[in-house]
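Undergrad: Sharing a structure, written as structure tokens. Questions coming.
The values are calculated or read from the model by the stated rules, or taken from the named source; none is laboratory data. Predicted, not measured: the structure shown is a model, and the values here were computed from it. Here the Cβ positions follow ideal geometry from the backbone for every residue, glycine too, while neighbour counts run over all protein chains shown. Just so you know, the surface numbers come from the protein's heavy atoms only, side chains and all, with ligands and any DNA or RNA stripped out. Shrake-Rupley method; radii C 1.70, N 1.55, O 1.52, S 1.80 Å.
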Amino acid sequence: MGKLKGKLIAKFELRSSGDLFHEMFSRKPHQIKHVSPQHVQGCEVHKGQFGTPGSIIFWNYALDGKPCVAKEIVEAIDVENKTITFNVIEGDVTEEYKTFTITIDIKPEGDTNLVKWTMDHEKLHEGIREPVKILALAIKVTKDIEVEHLNA
């Protein structure tokens with residue numbers, strides 16, 4: 001029997017402010033569509049408010065050019081340690097994964113910051129691929145935010 005539970009991690013340097021990056025995903029995710037419109041077309045609060053754990057956020061995004069949606073619960077926001085955790089509860093991702101949790105962690109690294117995306121997931125069955133394309137999308141959006149902040 002194959003492995004259904006998995007974890008994908010991507011770590012890379014962020015030359016822009018870690019505080020601004022954390023704020024974009026924790027308190028201002030609705031602005032991401034303006035800095036990465038080819039990847040994110042919308043972000044709305046369905047319950048609660050941006051920047052508050054327990055809130056439910058609804059995303060419209062494109063994966064390989066295909067329109068997709070995701071509904072996430074904001075599980076945790078730690079401003080001091082610059083971490084954010086989301087749990088995907090509905091949408092395209094749940095068609096292939098029983099559970100899907102995303103954690104973003106930003107740490108100072110010399111004159112830059114280190115961003116770490118972690119995607120913990122459980123596939124519905126063995127025929128499902130690892131969510132590499134979703135992780136690649138997260139990296140592209142991160143780079144778009146970085147460019148926007150560096151050019152501001």
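Undergrad: What's the number of the only condition in (1) within 16 Å of K143 (Cα to Cα); (2) at pLDDT 95 or above; (3) among the acidic types (D, E) that D19 fails to meet?
TA: Here D19 meets the rest and fails (2).
Undergrad: Let me ask something else about it. If we keep just the residues of the range 3-23 that are part of a strand (DSSP E or B) and not hydrophobic (A, V, I, L, M, F, W, C), which is farthest from E146 (Cα to Cα)?
TA: K5
Undergrad: Given the criteria over 22 Å from V74 (Cα atoms) and either touching a Leu at 6+ places or on another chain (Cβ under 8 Å) or not in a loop (DSSP other than H, G, I, E, B) (or both), does L150 qualify?
TA: For L150, the condition - over 22 Å from V74 (Cα atoms) and either touching a Leu at 6+ places or on another chain (Cβ under 8 Å) or not in a loop (DSSP other than H, G, I, E, B) (or both) - is met.
Undergrad: Could you say whether any residue in the range 110-132 is assigned to a strand (DSSP E or B) and touching a His at 6+ places or on another chain (Cβ under 7 Å)? Quick ask: steps written out before the conclusion?
TA: Step one: of the range 110-132, the residues assigned to a strand (DSSP E or B) are 112-123.
Those still in the list that are touching a His at 6+ places or on another chain (Cβ under 7 Å) too: none.
No; the residues of the range 110-132 include none that is assigned to a strand (DSSP E or B) and touching a His at 6+ places or on another chain (Cβ under 7 Å).
Undergrad: Among the listed residues K33, K7, K66, which satisfies the condition of being loosely packed, with under 15 Cβ neighbours inside 10 Å and free of Cβ contacts under 8 Å to residues at least 40 places away in the same chain?
TA: Every option except K66 fails the conditions.
Undergrad: Go through T103, T99, T52 for me and flag whichever is among the polar types (S, T, N, Q), farther than 18 Å from L137 by Cα and part of a strand (DSSP E or B). Write out each step before concluding.
TA: Details: T103 fails: farther than 18 Å from L137 by Cα; T52 fails: part of a strand (DSSP E or B).
Selected residue: T99, the only one of T103, T99, T52 that is among the polar types (S, T, N, Q), farther than 18 Å from L137 by Cα and part of a strand (DSSP E or B).
Undergrad: Is it the case that A76 is in contact with a Ser or Thr (Cβ under 6 Å, 6 or more places away or on another chain) and either open to solvent by less than 70 Å² (accessible area, probe 1.4 Å) or closer than 24 Å to I128 by Cα (or both)?
TA: When the stated conditions are applied, A76 passes them.
Undergrad: For the condition surrounded by 14 or more Cβ atoms within 10 Å (Cβ to Cβ), touching a residue at least 12 places away in the same chain (Cβ under 8 Å) and touching a Pro at 6+ places or on another chain (Cβ under 9 Å), what is the one hit in V93, V141?
TA: V93
Undergrad: A follow-up question, please. Please determine, by comparing only the residues of the range 103-128 that are in contact (Cβ under 8 Å) with a residue 12 or more places away in the chain and among the charged types (D, E, K, R), which one is surrounded by the fewest Cβ atoms within 10 Å (Cβ to Cβ).
TA: E126
Undergrad: Hey, another quick one. Pick from the range 79-90 the residues that are out of contact with any helix residue (DSSP H, G or I) (no Cβ under 9 Å at 6 or more places or on another chain) and not β-branched (V, I, T): which of them is surrounded by the fewest Cβ atoms within 10 Å (Cβ to Cβ)? Write out each step before concluding.
TA: Just the residues of the range 79-90 that are out of contact with any helix residue (DSSP H, G or I) (no Cβ under 9 Å at 6 or more places or on another chain), to begin with: 80-81, 85, 87, 89-90.
Among the residues that remain, those that are also not β-branched (V, I, T) are: 80-81, 87, 90.
Details: E80: 5, N81: 10, N87: 16, E90: 15.
Per the stated criteria, the residue is E80.
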